[in-house]
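**Q** This is the structure I want to talk about, given as structure tokens.
The values are calculated or read from the model by the stated rules, or taken from the named source; none is laboratory data. No experiment lies behind these values; they were computed from the predicted model shown. Cβ atoms come from the backbone with ideal geometry, glycine included; neighbour counts cover every protein chain shown.
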Amino acid sequence: MKQKKQWYDYLWIWTTIYLVMGFFNILFAWLGLACFFIPLIISVVKSTKGYCNNYCGRGQLFALLGGRFGLSRKKDMPKWMKSKWFRYGFLIFFFIMFFQMLWNTYLVFAGAQDLKQVVTLLWTFKVPWHWAYHGTLFSDGVAQFAFGFYSVMLTSTILGFVTMILFKPRSWCVYCPMGTMTQLICKAKAGTCSTGSCSR
Amino acid sequence: MQETKKIRKKASILQNECVACGCCVKVCPLGAISIYKGVYAQVDEDKCVGCGKCAVECPASIINLISK
């Protein structure tokens, strides 16, 4: 229902600040963990997708840019992109890449690998990012995780931005790994799987 | 007397394909849509007036207006 704006309707500002801060001090990337844990906690504790529905700043940012700023073509997205196999496949791919990033972080913590001051875009392109690194009080691994995590966040923002332009503003929401994961948790808790209608 | 037959359109959601993102809930001017347990969106047909805002907003384009 269209209502008075709530405080959480401005969380797109937080997302914007987060993305900008990564250009100045990479250690801010750590704060992005909130975007991972809060949706999971809400889905586990409250059995809702309350994060997607109300608090997701990225979704709001895309809705704003694609909607009010008119950057979106507002066309239907291709059928394969909203299919289950693509959504679950993307979630699995995302997980693999995430664990690889954690592994690299571990190697730096363990001293087996040197810190790489790069942000990897689209899991392929290594962009020099040394200008956002000013040292850390802790282990180099802390910085390595920041670079890796920011890579994940920037990559997914770029993907979401491209599909925002091509399709509907919040197309990202359809294949967002966090969204897919929280929906799976909600499905499991709602028992729609045990009744044999897991596809619902 | 001639009876005029009203064709009423209502939003209909393909629940099997819904990702429960909640975009439709946000734009519905009548508060007729809710998310069922974080799994899919559902329309309260008593409240829906068939304006179609949700159908436009839905990122997966799985909401259609259907005559009831």
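**Q** Does residue A:33 count as in a helix (DSSP H, G or I) and crowded, with 20+ Cβ neighbours inside 10 Å?
**A** Values: in a helix (DSSP H, G or I): yes; crowded, with 20+ Cβ neighbours inside 10 Å: no.
Here the answer is no, as residue A:33 does not meet what is asked.
**Q** Here are B:62, B:33: which of them is modelled with pLDDT of 95 or more, crowded, with 23+ Cβ neighbours inside 10 Å and of a type in the set (Val, Ile, Thr)?
**A** Answer to the check: B:33.
**Q** Here is a further query. Which of the following residues is buried (at least 18 other Cβ atoms within 10 Å of the Cβ) and within 14 Å of the chain's Cα centre (by Cα): A:148, A:141? Give the steps one after another, and end with the answer.
**A** Numbers: A:141 fails: within 14 Å of the chain's Cα centre (by Cα).
Of the residues listed, the single one that is buried (at least 18 other Cβ atoms within 10 Å of the Cβ) and within 14 Å of the chain's Cα centre (by Cα) is A:148.
**Q** Which one of these is in contact (Cβ under 8 Å) with a residue 40 or more places away in the chain, surrounded by fewer than 19 Cβ atoms within 10 Å (Cβ to Cβ) and not in a helix (DSSP H, G or I): A:40, A:71, A:102, A:65?
**A** Within the list A:40, A:71, A:102, A:65, the selection yields A:71.
**Q** Are there any helices (runs of 4 or more DSSP H) wholly within the stretch A:106-200 with 2 or more residues that are touching a helix residue (DSSP H, G or I) at 6+ places or on another chain (Cβ under 7 Å) and either more than 26 Å from residue A:46 (Cβ to Cβ) or more than 10 Å from every other protein chain (Cβ to nearest Cβ) (or both), and if so which? Outline the logic, then answer.
**A** On the way: elements: A:140-166, A:172-175, A:177-190.
In the stretch A:106-200, A:140-166, A:177-190 are the helices (runs of 4 or more DSSP H) which contain 2 or more residues that are touching a helix residue (DSSP H, G or I) at 6+ places or on another chain (Cβ under 7 Å) and either more than 26 Å from residue A:46 (Cβ to Cβ) or more than 10 Å from every other protein chain (Cβ to nearest Cβ) (or both).
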